[in-house]
Amino acid sequence: MGVVPLFMLLWVYAATAKILEFDQFKVQLSQVDFLKPLAEVLVWFIPLVEYGLAGLLLVGQTRWLGFVGSALVMSIFTIYIAGMISFSPELPCSCGGIINILTWQQHLVFNLFVTALAYWGCYRYHGIKRPNAKL
């Protein structure tokens with residue numbers, strides 16, 4: 001499996017898991033003190049961003065932007081996980097699906113790997129000339 005389908009699967013899976021476990025996702029976001037004021041918005045915003053990134057990756061002309069967004073979002077998620085390990089390791093992960101069974105430390109390793117792949121995707125797809133693309 002290539003890196004583009006891998007990221008598309010990752011984003012669609014993550015967003016769908018959050019939607020299917022919506023109430024649990026909302027409660028878990030609300031348990032994090034600094035996210036509590038934003039939980040009502042984040043519970044919708046995060047899955048929408050994840051679906052949006054999958055859509056950007058699907059289209060050749062927007063693929064690089066999809067990887068830039070993926071790198072940014074994965075960096076934010078990775079910093080969040082590092083913070084959770086440092087300050088609140090007893091809180092459950094609000095990621096949903098299979099990722100939910102990982103420990104915070106395992107999740108951090110997973111995120112570091114996926115973040116590195118996203119940055120590689122930015123490098124790989126930057127400057128690729130596409131037919132009919134404006135320079």
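The values are calculated or read from the model by the stated rules, or taken from the named source; none is laboratory data. What you see is a predicted model, and the numbers here were worked out from it, not measured in a lab. Ideal geometry is used to build each Cβ from the backbone, glycine not excepted, and the neighbour counts take in all protein chains shown. For the accessible areas, the whole protein counts, side chains as well, though only heavy atoms, and no ligand, DNA or RNA atoms are used. Shrake-Rupley method; radii C 1.70, N 1.55, O 1.52, S 1.80 Å.
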Can you name every residue in the range 31-61 that is open to solvent by less than 40 Å² (accessible area, probe 1.4 Å) and free of Cβ contacts under 8 Å to residues at least 12 places away in the same chain? Leu35, Gly55
Regarding Ile76, is this residue open to solvent by 40 Å² or more (accessible area, probe 1.4 Å), over 12 Å from the mean Cα position of the chain (by Cα) and aliphatic (A, V, I, L, M)? no
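Here is a check on your reading of the model: is Ile19 part of a helix (DSSP H, G or I), out of contact with any Ser or Thr (no Cβ under 9 Å at 6 or more places or on another chain) and surrounded by 14 or more Cβ atoms within 10 Å (Cβ to Cβ)?
The answer is yes for Ile19.
Going by the conditions given, is Ile85 modelled with pLDDT of 85 or more and of a type in the set (A, V, I, L, M)?
It is true that Ile85 is modelled with pLDDT of 85 or more and of a type in the set (A, V, I, L, M).
Can you name the residue in the range 118-135 that is at pLDDT 85 or above and in contact with a helix residue (DSSP H, G or I) (Cβ under 6 Å, 6 or more places away or on another chain) and is also farthest from Thr78 (Cα to Cα) among such residues?
If we take residues in the range 118-135 being at pLDDT 85 or above and in contact with a helix residue (DSSP H, G or I) (Cβ under 6 Å, 6 or more places away or on another chain), then Tyr125 is farthest from Thr78 (Cα to Cα).
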Given the options Gly83, Gly66, name the one that is within 12 Å of the chain's Cα centre (by Cα) and open to solvent by less than 30 Å² (accessible area, probe 1.4 Å). Gly66
